[in-house]
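Read the structure below first, then the notes.
What follows draws every value from the coordinates through simple rules; no lab data is involved. What you are looking at is a predicted structure, and each value in this text was computed from that prediction instead of being measured. Glycine gets a Cβ as well: all are built from the backbone with ideal geometry, and neighbour counts include every protein chain shown.
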Amino acid sequence: MDKYTFFENVFEVVKQIPAGKVTSYGAIAKYLGSAKSSRTVGYAMNASHLLIEKIPAHRVVNRNGLLTGKHHFGENKMQQLLENEGLNIINDQIQNFENHFWDPNRELMI
DNA sequence: GAGGTGACGACCC
DNA sequence: TGGGTCGCCACCT
């Protein structure tokens, strides 16, 4: 039953990220109880765009606020989407990252 | 069934 | 300070 894998759990969290906010792979992993599983979170994002559901994978970046996944999402597509949500990106890096950071551990607190 | 890989992160020299 | 290594979970060969 409720055999929600780490993988699927990631999607549930990512889908809850409000527009104009971003989070990190590690934050999601930590929220799910496996802080060291950030790699798996990234892998989930890779598969997310294959899903029917809309997963705002562009709102998930690494801990530096760097758009490391842009190559998979679309070179300028990812940055375009983020800028469209009011974020300022320079050199593939989100400016004021902390100010736009959405921490599931703090916002969801389940 | 076993080994290698990956949109990361933390630790160790 | 910076480069190298391990860990974690799921997928592919």
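Computed values, structure above
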| item | result |
| --- | --- |
| Diffusion coefficient, µm² s⁻¹, Stokes-Einstein with Kirkwood Rh over alpha-carbon pairs of chain A at 37 °C and 0.692 mPa s | 238 µm²/s |
| Lys pairs, chain A - Cα-Cα below 24 angstrom, 8 or more residues apart or on other chains | 19 |
| For residue A:89, residues with placed amide H under 5 Å, excluding near neighbours | A:95 |
| Separation in nanometres of the label points that stand 7 Å from Cα toward Cβ, at residue A:90 and residue A:47 | 3.8 nm |
| Selected from A:29, A:44, A:11, residue furthest toward positive end of dipole (the range A:1-51; charges at beta carbon) | A:29 |
| Projected label distance in nm at residue A:35 and residue A:15, using a 7 Å step from Cα toward the beta-carbon | 2.8 nm |
